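Here's the structure, in structure tokens; my notes come after.
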Amino acid sequence: MGSGEHLLLTFMSIDREHDVLGFDVPVLAAEFVHAVCKACERLLADLLSLDDHYAADPFVRHFSGQLAALARRRKVTLSRSSTGHDGEMAGATSRIGDGRELTFSYEMSLTPGFVGYHGEPTFDWHALLLPGQILAETDGHHIALGGRFPIFTVVSILRRVREVLNHTEAGRARFACRGRLPGLMLHVDCNDGLTRLEIGPEPALVVDTTLDAAIDVLLSLSRLIIDDIHRQNSDIKLNVRFDDIDNDVRELQAWFEDVRRENKYFERPEAYVHSHAGLRPHEVDPQEPSFGWPLKDVRAVYPSRKWVWAQSSIHFSAVNVVDDMVLVPSLHGLVALDASTGREIWAIEQLDNTKLASFTVAGPYVVLANERGQRALVDRVTGRMSTSSAASSPILISAAHFATQDLVVVADYRSNLMGIRPDGETAWTYERGQGTAVGAAFPGPVVSTLSQPGVLSAFDPLKGDVLWRVRLGAAGHMGPFEHEGRLTP
């Protein structure tokens, strides 16, 4: 079989512990293929023995055909496998405890599976299993924080931080987080602001510190490791499991900042309302439909074709009618048509040589985003486009134009916000969105967003500052909606 005779396999338990039972175990490729084929044949035979009607099922037939094709292959060609390591990563972060310095350090070895990862398969844990350890050290004593694979320790650290933040946001001054987590030996006890960390197995390393310092050092450690992994191989961002961990770190960092921030808005809300009293988004006046006769006298209506505009691959679900204009998106770009005649007013095929991904309307402007997340404002009347240098998610959900400040505020799918001037200048950005956005509302002098984790937030449209944030305790699905000065998720 030449140079590709072995595969390196990782075996993991399927329970919540995710224990690594075997790592980079060399297996003959031919034997592996033979074993998989035998297991699939047994599965298929058991299925058909239950009910012969399965033989006519399209999925079963496709599965049987793929199995037969695999079994007919006489040779498996693979690249050379290696059990050696291609380098190492290391880092550290410190915080001051009760007169002592607490330092977390880590080291990880780069594996061939990580170095050679280029995005397939996207849900694979194997590429993230970098052997190493995380150590806690104080007063010359050090102890291991977790097991053999630091990435599992990071996942459990984030779960522990989430537990602590839940207690903190609920206003509890005394609590303990001591439940066992996979790959982590860390207990947190909080008593009226004094926080005790117990690290490692008995006898544990005990450090007294403040709650803010404890959360900060744990999140800093997680951020350091995730950034270091990404720096060694940027393609690892294509791995969905890595991306989920990265997003968890960002969400918890934003949550931590919100929890410890002094909320001046609640202390003096009248000051904010007074300074933003005249701030209102541009609203398009709905046009009353015209009809030549009283509707009560109409018995039947026979519509006739007034005009036709043809284009291939029109995204009909996204067609938008604004005033006397029809905005038609397709695979070829965005076209603005005169609603009464069907005449093409303007058309935009690309933004900065990149295909358009989404659009939304904000008063006199159309906001565009390309597949790289770059934004642009288009004058609805003239079609003149001003491109912004900033970029974020390519999927826009809503936007509003605050005419008195000549500012367009845009909300995207990642719960991020951006303020853009008509000339394309970026006034401000907010990129600490928490989860997928459900929707955005612009009730007067605030911008409100609702994210899928159930976080309702309000922002200052002029600066992008967070005014307040409420966790609803359940996932959000629709909204937010404004009614008589109140927001309803």
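Compute, for the chain, the length of the dipole vector about the Cα centre, with Cβ point charges of +1 (Lys, Arg) and -1 (Asp, Glu) only. Units Debye, rounded to 20. Could the numbers behind the result be given before it?
Numbers: 47 positive and 63 negative charges, 198 e Å.
Approximately 960 debye in magnitude.
Under a 5 Å amide H to amide H cut-off, with H placed in plane at 1.01 Å, what residues pair with Ser415 once short-range neighbours are removed?
Here Ala437 satisfy the definition.
Tell me the net charge near Pro489. Cut-off is 13 Å between Cβ atoms, Pro489 excluded, with +1 for each Lys or Arg and -1 for each Asp or Glu.
Details: positive: Arg469, Arg471, Arg486; negative: Glu482.
After counting each charged neighbour, the total is +2.
Roughly speaking, what is the stretch gain from Asp189 to Ser386, that is 0.36 nm per residue apart minus the C-alpha to C-alpha distance, in nm to one decimal? Could the numbers behind the result be given before it?
Working: separation 197, 0.36 × 197 = 70.92 nm, distance 5.37 nm.
Contour length minus the Cα-Cα distance gives 65.5 nm.
For Leu356, enumerate residues with amide H under 5 Å from its amide H, sequence gap 5+ or separate chain, H modeled in the peptide plane.
Sorted by chain and number, the residues that satisfy this are Leu351.
Find, among the chymotrypsin sites (Phe, Trp or Tyr not before Pro) in region 288-377, those assigned to loop by DSSP (not H, G, I, E, B) with at most 16 other beta-carbon atoms within 10 angstrom.
Numbers: sites: Phe291, Trp307, Trp309, Phe316, Trp346, Phe359, Tyr365; in loops: Phe291, Trp307, Trp309.
Answer by residue number: Phe291, Trp307, Trp309.
Where the centre of each part is set by its Cα atoms, how far does region 382-417 sit from region 439-489, in angstrom?
A separation of 17 Å, based on Cα centres.
When you have a sec, figure out the Kirkwood radius of the chain from all distinct Cα pair distances and drop it here in Å to one decimal?
Numbers: mean 1/r = 0.0365 Å⁻¹.
Its Kirkwood hydrodynamic radius stands at 27.4 Å.
Name the residue from Val207, Gly179, Asn233 whose Cα lies farthest towards the positive end of the charge dipole of region 120-252, charges +1 on Cβ of Lys and Arg and -1 on Cβ of Asp and Glu.
Gly179
Among Gln253, Leu331, Ile14, whose Cα lies farthest out toward the positive end of the dipole of the chain, if unit charges sit on the beta carbon of Lys, Arg (+1) and Asp, Glu (-1)?
Highest projection toward the positive end goes to Leu331.
In a shell of Cβ-Cβ distance under 14 Å around Glu425, excluding Glu425 itself, what net charge do Lys and Arg (+1) and Asp and Glu (-1) give? It would help to have the intermediate numbers written out before the result.
Details: positive: Arg375, Arg421; negative: Asp406, Asp423.
Every neighbour counted, the sum reads 0.
Within 10 Å of each candidate Cβ there may be at most 15 other Cβ atoms; applying that plus a DSSP loop requirement, which trypsin sites (Lys or Arg not before Pro) in region 154-220 survive? Please report the intermediate quantities before stating the final value.
Numbers: sites: Arg159, Arg160, Arg162, Arg172, Arg174, Arg178, Arg180, Arg196; in loops: Arg172, Arg178, Arg180.
The qualifying sites are Arg172, Arg178, Arg180.
Expressed as a whole number of Å, what is the distance separating the alpha-carbon centroids of region 30-64 and region 149-182?
After rounding, the separation between the Cα centres reads 44 Å.
Just to confirm a number: summing +1 for Lys and Arg and -1 for Asp and Glu over residues other than Met325 whose beta-carbon lies under 9 angstrom from that of Met325, what do you get? The partial results should precede the final answer.
Details: positive: Arg380; negative: Asp323, Asp324, Asp338.
So the environment of Met325 carries a net charge of -2.
Just so you know, all these numbers are worked out from the coordinates, no wet-lab data involved. Computed from a prediction, not measured in an experiment: that's the story for all the values here. All Cβ positions, even for glycine, are placed from backbone atoms using ideal geometry, and neighbour counts span all protein chains on display.
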